[in-house]
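Participant: Before we start, here is the structure in question, set down as structure tokens.
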Amino acid sequence: MNKLTSNLVSNNTQELIIDGASCASCVGKIEVALKGVPGVDKAEMNFALRTVSVTGKVGVDILIKAIEGIGYNAKSANETSDDELLDEKEVADQKYYASLMKQMWIALGLGVPLMIYSIAGGPMTVETTLERGVWLFIGLLCAAIMYFAGKHFYIGAWKSFVNHSANMDTLIALGTGTAWIYSMVVVFFPMALPEMARHVYFEATAMIIGLIDLGLALEVKARGRTSEAIKRLIGLQAKTARVVRDGKEIDIAIEQVLLNDVVRVRPGEKISVDGVVIQGHTSIDESMLTGEPMPVEKVEEDEVVAGTLNKSGSILFKATRVGKDTSLAQIINMVKRAQNSKPPIGRLADAISAYFVPVIMIIAIVSALVWLNFGPDPTLAFAVVSATTVLIIACPCALGLATPMSVMVGVGKAAEAGVLIRNGEALQTASKITTMILDKTGTITEGAPKVTDVLIADSKFTKQYILTIASSIESGSEHPLAQAIIDSKIEQDIEPQAVTGFQAIAGYGVKAQFNDHQILFGNLKLMLKNDVELNDFVAKAQNLADEAKTPMYLAIDKKLAAIIAVADPIKKDSIEAIKRLKANGIRVVMLTGDNRATANAVAKKVGITEVFSEVLPEDKSNKVAELQAQNEIVGMTGDGINDAPALALANVGFAIGTGTDVAIESADITLMRGSLHGLADAIAISKATLRNIKQNLFGAFIYNVAGVPFAAGLLYPFFGLLLNPVIAGAAMAFSSLTVVSNANRLRLFKPQ
């Protein structure tokens with residue numbers, strides 16, 4: 001977790017808040033417009049949040065101008081802090097909700113009485129002069145409702161028309177406008193129409209506007225709940241910090257904490273910024289970030305992370321990352337970026353939406369023409385009703401919400417479980433993984449091995465001398481096994497000495513000069529490569545390997561001096577986590593550069609039957625490619641620099657959050673705690689999210705596509721039924737609510 005540095009977030013990513021986007025087709029237009037701006041590499045809009053994330057070297061003013069050029073409004077979100085942005089969004093949503101509810105009551109205030117009058121058998125036709133006067137008054141009232149309660153639809157439709165495009169507003173405006181205009185023609189020129197065609201549809205116009213406003217209001221209300229994960233993460237941030245300046249402790253706003261400031265934290269307080277403990281010891285609850293329930297002991301030189309909770313002691317720490325550079329800030333940014341991204345299934349929905357509205361408009365026209373030419377009397381009335389109903393029922397609001405709502409909740413749910421998903425594509429692909437490759441050291445095992453044996457090959461050398469050489473050489477190495485040597489130096493009270501000519505040989509070991517002696521320290525291949533005589537020590541090394549220990553040969557001037565054995569303990573929950581993966585039908589493979597005997601011994605303990613051992617770093621990615629060639633969808637889990645190529649090549653790369661920056665940067669998903677249960681959790685959440693997206697898309701298409709034939713009049717030849725435009729309006733409005741509610745069900749999901 002402490003490795004989640006600023007590398008995770010691109011410095012040239014702009015986030016914009018969009019105003020005026022009403023459906024999925026708007027998403028495509030906005031993304032296309034932004035991608036057409038020179039310098040923009042990527043643009044992804046989250047319709048649920050009404051935000052767009054733009055990557056590229058281009059000024060925010062140019063991006064805003066491009067969006068305004070196609071009829072929408074935009075403003076930058078980058079200049080506002082996350083909590084301020086959420087507060088602004090909540091206030092704006094509350095105002096929008098109140099406005100929509102007011103508009104809904106205005107529209108239904110006329111629509112409902114008219115609908116009741118119609119159902120009760122009241123005539124909705126124009127025959128007498130008195131009826132003309134009454135319906136003219138109602139028509140004018142309806143026009144006022146169209147202005148006060150539905151103005152946003154008509155403005156949006158006009159903007160789309162001016163920019164040679166069409167969206168949800170276009171369909172609503174055409175549908176309600178057609179019904180109103182036809183009704184007004186009936187009022188003014190009743191004698192010009194056949195007697196059966198003198199029917200008015202003012203109630204349809206008012207009811208449709210009211211119901212769609214209600215649907216939008218309920219959507220806004222439910223949509224707010226999908227941001228809970230981000231709200232909780234932002235809520236972890238401390239508001240103030242107690243810093244030591246000029247020998248005095250003062251409380252200041254978190255934004256004023258500077259790099260290298262000394263910060264005091266007392267029991268029960270949150271860690272304000274990332275830092276390193278310089279005085280005191282305590283236990284810190286990191287569960288809110290990692291999902292790890294047990295508090296972690298912290299002493300001098302240990303790292304502490306912003307947002308975690310100090311449980312017991314009082315400590316002083318030096319600030320190492322502040323502001324937007326803290327791990328928590330990076331986590332929040334990563335979650336936001338992932339929520340803004342689209343899985344491939346979402347991009348498919350966007351592509352369909354781009355053609356959906358024009359196709360629906362054509363279907364509405366064709367439907368009207370069929371009724372005019374082949375329908376029964378009154379053909380004109382039937383044509384108007386069918387065209388209006390088709391336009392209304394097909395509004396693609398739900399289609400635009402189907403994917404981003406689920407992604408937002410799923411990514412947030414994963415973050416709560418200590419799993420950071422980088423993008424929507426990784427979220428989708430993780431659900432399809434058939435083979436999971438696990439690195440051994442630091443992934444299955446603790447990655448903090450200890451020296452267990454020192455076998456002296458030449459009696460003139462002592463154990464302390466051998467460990468002095470080994471620790472002197474390894475003091476500059478980042479290899480996990482090197483740390484065991486360094487730890488043994490501390491235990492044995494050994495003072496390392498200077499070495500020269502240090503050379504790390506990937507996959508073999510190291511070579512260096514120590515007191516004018518050439519030292520080789522590494523595996524069997526290194527010894528054989530340099531013609532070192534080993535005698536029966538190969539068998540002794542094998543015995544150590546059979547005990548899941550890693551034997552390392554140390555040669556002085558090309559003569560074997562000793563074997564140092566290191567054991568890396570298996571993580572306490574690796575066995576259970578691997579069982580979970582296998583229970584889900586995933587083929588589990590272990591991949592390691594360690595020797596075969598040690599690798600097999602560890603694999604046997606954790607229940608893995610497929611092992612690739614003694615694999616050089618450059619060959620790890622080849623193993624991934626081999627499995628992909630077998631049509632396997634491969635997940636790769638690792639924590640080291642040598643895992644980075646394989647993590648990047650795998651269909652989904654999982655990095656252990658306690659690993660190196662390079663590994664985290666190469667991976668698609670980061671497990672903030674070291675447990676492989678996070679891996680199983682990530683896959684479970686991925687499957688649940690993709691299942692939810694499919695349910696949403698199915699629901700949206702059922703409303704939008706399946707309803708169109710019935711709206712056009714499919715049932716009339718068989719049953720004499722023609723769908724009422726008001727029913728179409730209700731179905732369209734509540735389709736969005738269905739999608740949002742279904743996405744929110746994910747919040748209750750718990751990986752087993």
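Participant: Against the empirical 2.2 N^0.38 Å scaling, what ratio does the C-alpha Rg of the range 569-648 come to? Each step should come with its number before you reach the end.
Facilitator: Values: Rg = 12.5 Å, N = 80, 2.2 N^0.38 = 11.6 Å.
Working it through for the range 569-648, the quotient is 1.08.
Participant: Do you know the relative contact order of the range 112-193, to the nearest whole percent, from alpha carbon pairs under 8 angstrom that are 6+ apart?
Facilitator: Numbers: 38 pairs, mean separation 26.4, N = 82.
Over the range 112-193, the number comes to 32 percent.
Participant: For SER475, tell me the accessible area in Å² from a 1.4 Å probe, rounded to the nearest 10.
Facilitator: Counting only protein heavy atoms, SER475 exposes about 70 Å² to solvent.
Participant: Continuing with this model, one more query. Once you put a point 7 Å from the Cα of ALA98 and another 7 Å from the Cα of GLN518, both along the Cβ direction, what distance in nm separates them?
Facilitator: Taking the simple label geometry, ALA98 and GLN518 are separated by 8.2 nm.
Participant: Too long at a 18 Å Cα-Cα cut-off: which of LYS440/LYS571; LYS42/LYS159; LYS102/LYS221; LYS440/LYS605; LYS432/LYS694; LYS623/LYS687?
Facilitator: Values: LYS440/LYS571 11 Å; LYS42/LYS159 25 Å; LYS102/LYS221 15 Å; LYS440/LYS605 12 Å; LYS432/LYS694 14 Å; LYS623/LYS687 26 Å.
Flagged as over cut-off: LYS42/LYS159; LYS623/LYS687.
Participant: Let me ask something else. Counting only protein heavy atoms and using a 1.4 Å probe, what share of the accessible area of the range 288-421 belongs to carbon plus sulfur, as a whole percent? Walk me through the intermediate numbers first.
Facilitator: Details: 2960 of 4500 Å².
Its accessible area is 66 percent carbon and sulfur atoms.
Participant: Separate question: What number comes out for accessible area per residue over the range 489-585 if the probe is 1.4 Å? Units Å², please.
Facilitator: Values: 5070 Å² over 97 residues.
Ligands and nucleic acids excluded, the figure is 52 Å² per residue.
Participant: Say R0 is 45 Å: what FRET efficiency, to the nearest 0.05, do ILE278 and ILE62 get from their beta-carbon distance?
Facilitator: Details: r = 46 Å, r/R0 = 1.02.
Given R0 = 45 Å and the Cβ-Cβ separation, E is 0.45.
Participant: State log₁₀ I(q)/I(0) for the chain at q = 0.07 Å⁻¹ as given by the Debye formula over alpha-carbon point scatterers of equal weight, solvent excluded.
Facilitator: -0.63
Participant: OK, next. Going by accessible area, probe 1.4 Å, with all protein chains left in place, what is the ranking of TRP371, TRP180, largest first?
Facilitator: Working: TRP371 20, TRP180 55 Å².
Sorted descending by solvent-accessible area, the residues read TRP180, TRP371.
Participant: Quick one: accessible surface of PHE701, probe radius 1.4 Å, all protein chains present, in square angstrom to the nearest 10.
Facilitator: Number for this one is 60 Å².
Participant: Still on this structure, I have one more. What's the percent breakdown of Cα-Cα distances in the range 159-268 across 5 Å bins, shortest bin first?
Facilitator: Cα pair-distance distribution for the range 159-268, in percent: 2, 9, 10, 9, 8, 8, 7, 6, 5, 5, 5, 6, 5, 4, 3, 3, 2, 1, 0.
Participant: For TRP135, TRP158, write out the residues from largest to smallest accessible area, computed with a 1.4 angstrom probe and no ligands counted. Please report the intermediate quantities before stating the final value.
Facilitator: Working: TRP135 15, TRP158 160 Å².
In descending accessible area the options line up as TRP158, TRP135.
Participant: Right, something else. Relative contact order (percent) for the chain, with alpha-carbon contacts under 8 angstrom and 6 or more residues of separation?
Facilitator: Working: 1556 pairs, mean separation 111.5, N = 752.
15 percent.
Participant: Order 416-422, 737-743 from most to least packed using the mean count of other Cβ atoms within 10 Å.
Facilitator: On the way: 416-422: 24.7, 737-743: 23.0.
Averaged packing, sorted descending, gives the order 416-422, 737-743.
Participant: Per-residue accessible area for HIS152 at 1.4 Å probe radius, Å² rounded to 10?
Facilitator: That residue has around 60 Å² of solvent-accessible surface.
Participant: Quick check: net charge around LEU309, other residues with Cβ under 10 Å of its Cβ, Lys/Arg +1 and Asp/Glu -1? Display every interim value, and only then the final one.
Facilitator: Values: positive: LYS270, LYS311; negative: GLU269, ASP285, GLU286.
With Lys, Arg at +1 and Asp, Glu at -1, the net is -1.
Participant: With a 10 Å radius around each residue's Cβ, average the other Cβ atoms per peptide and rank 201-208, 41-48, highest first. Don't skip to the end; give the middle numbers.
Facilitator: Numbers: 201-208: 29.0, 41-48: 22.0.
Descending packing order for the listed peptides: 201-208, 41-48.
Participant: Another question, if that's okay. Starting from the residue with the highest accessible area, list ILE505, ILE473 in decreasing order, probe 1.4 Å.
Facilitator: Details: ILE505 35, ILE473 5 Å².
From most accessible down to least: ILE505, ILE473.
The values are calculated or read from the model by the stated rules, or taken from the named source; none is laboratory data. Being a predicted model, the structure only gives us computed values, none of them experimental. Methodologically, a virtual Cβ is constructed for each residue, glycine included, from the backbone with ideal geometry; neighbour enumeration extends over all protein chains shown. The accessibility values were calculated without ligands, DNA or RNA, using every heavy atom of the protein model including side chains. Shrake-Rupley method; radii C 1.70, N 1.55, O 1.52, S 1.80 Å.
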